[in-house]
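Novice: Before anything else, here's the structure in question.
The values are calculated or read from the model by the stated rules, or taken from the named source; none is laboratory data. If you're wondering where the values come from, they're calculated on a predicted model, not measured in any experiment. Virtual Cβ from ideal backbone geometry, glycine too; neighbours counted across all protein chains shown. With ligands, DNA and RNA removed, areas are computed over all heavy atoms of the protein, side chains included. Shrake-Rupley method; radii C 1.70, N 1.55, O 1.52, S 1.80 Å.
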Amino acid sequence: MWRKVRIGILLLILLFVALNTWFDRVYSTDWQNPLRVAVFPINGDDSAVSARYVQSLDGAHLLPLENFFAEEGKAYDVKPVPPIRFSLAAPIRELPPQLEPGTGRLGVMLWSLRARWWASRAEGPPGSEIKLFVLYHDPQRTSSLPHSTGLQKGLFGIVHVFADQRMAGSNDTIIAHELLHTLGASDKYGADNLPRFPDGYAEPQRQPRYPQQFAELMGGRIPVSAGEAEIPESLQQVVIGPLTATEIGWSPR
């Protein structure tokens, strides 16, 4: 009897988690009201440079992101305007759980559970629906960043960027990319990091095809030739393509 009770309780918990995840997905992309995103800055490498950069941040640093989604939303006739509101949360000290390269499927599942628990404990501004944890790194210490991730289960992202104002534009592109992962958008580039044609191209019908002028947000880069692509310097060089728009609940152009 007790075994049946324990199984019943476990099934109820699993059902609750599944329903909660489903409701998160539905309400985060119904676009009836602005989606509220909390951005948590973190000193990602415990450096003085990153600490100063984190302390210098204010709400104005998030305006390019908000303006980008407002402009792209207009192209898809999305209401309300802007469709996404960003708020700067207080910096936090605790680093997220790390996912080591080459981790197997079971390890990834366990990491995901730990990361969701870690993210759930962060207190954001009232009404926040998505949490983005942005870890800043001193570019003098590292030339390449750890892998960023955005999780639809739990509606949060862990984003690695550089603590350098000169890289603020490319940082915004990474943040916007991971945000759309939390809303169900898929990557549109291959194992070679080159945008995948046609969905990873901002202007797939452009003639001649190269060089492209813009990056598709989930394609990540601006294709300048068949085998070369450049990182956009700001969101002014980025658009949201039709497939990505469909994936997040926006109507195609």
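Novice: Counting heavy atoms of the protein chains only and a 1.4 Å probe, report the per residue accessible area for the chain as a whole number of Å².
Specialist: 56
Novice: Let me ask something else. Using only alpha carbon positions, build the gyration tensor of the chain, then give the equivalent ellipsoid semi-axes as the square roots of 5 times its eigenvalues, largest first, whole angstrom.
Specialist: They are 30, 23, 19 Å, listed from largest to smallest.
Novice: Also, I was wondering about something else. What's the carbon and sulfur percent of the chain's accessible surface, probe 1.4 angstrom, rounded to a whole number?
Specialist: The nonpolar share, carbon plus sulfur, comes to 56 percent.
Novice: Applying the Karplus parametrisation 6.51 cos²θ - 1.76 cosθ + 1.60 with θ = phi - 60° to the phi angles of region 85-91, what ³J(HN,Hα) value in whole Hz is obtained for each residue in order, glycine and proline being reported as x?
Specialist: Using θ = phi - 60°, the values come out as 10, 10, 10, 8, 7, 5, x Hz.
Novice: Using only the Cα atoms of region 154-200, what are the Rg and Dmax in Å?
Specialist: In order Rg, Dmax, the Cα atoms of region 154-200 give 12.3, 33 Å.
Novice: Net charge near Pro83, counting Lys/Arg +1 and Asp/Glu -1 over other residues with Cβ under 13 Å of its Cβ?
Specialist: -2
Novice: Which value at 222 nm does the chain reach when only helices count, each DSSP H run of 4 or more adding -39,500 (n - 2.57), with the total divided by all residues and rounded to the nearest 500 deg cm²/dmol?
Specialist: Here the helix-only value at 222 nm equals -11000 deg cm²/dmol.
Novice: For region 111-186, state the semi-axes of the equivalent ellipsoid (square roots of 5 times the eigenvalues of the alpha-carbon gyration tensor), sorted largest first and rounded to whole angstrom.
Specialist: Those come to 22, 13, 13 Å.
Novice: Could you give the radius of gyration (one decimal) and Dmax (whole number) of the Cα atoms in region 66-198, in Å?
Specialist: 15.8, 43
Novice: Follow-up. Quick one: ranking Arg93, Arg209 by accessible area, 1.4 Å probe, largest first, what do you get?
Specialist: Arg93, Arg209
Novice: How do Ser128, Ser50 stack up against each other in accessible area, from largest to smallest, with a 1.4 angstrom probe?
Specialist: Reading off the accessible areas and sorting them downward yields Ser128, Ser50.
Novice: Sort 103-110, 220-227 for me by packing, meaning the mean count of neighbouring Cβ atoms within 10 Å per residue, highest on top.
Specialist: Put in order of decreasing packing, that is 220-227, 103-110.
Novice: Tell me, what is the percent relative contact order of the chain, built from C-alpha pairs under 8 Å that lie six or more residues apart?
Specialist: 18
Novice: Continuing with this model, one more query. So if I take the alpha carbon set of region 96-145, get Rg, then get Rh from the Kirkwood formula, what is the Rg over Rh ratio?
Specialist: Rg divided by Rh gives 1.06.
Novice: Using only the alpha-carbon atoms, what does region 56-118 span along each of its principal axes? Please give whole angstrom values in decreasing order.
Specialist: Reported extents, whole Å, longest axis first: 41, 32, 19.
Novice: Tell me, what is a quarter of the convex hull surface for the C-alpha atoms of region 133-253, in nm² with one decimal?
Specialist: Over every viewing direction, the Cα hull of region 133-253 projects on average to 7.7 nm².
Novice: For region 206-253, what's the radius of gyration and Dmax over Cα atoms, in angstrom?
Specialist: Cα radius of gyration and Dmax of region 206-253 are 11.4, 32 Å respectively.
Novice: Of the candidates Arg36, Arg85, Arg206, which one comes out as most mobile in a Gaussian network treatment of the chain with C-alpha springs shorter than 10 Å?
Specialist: Arg206
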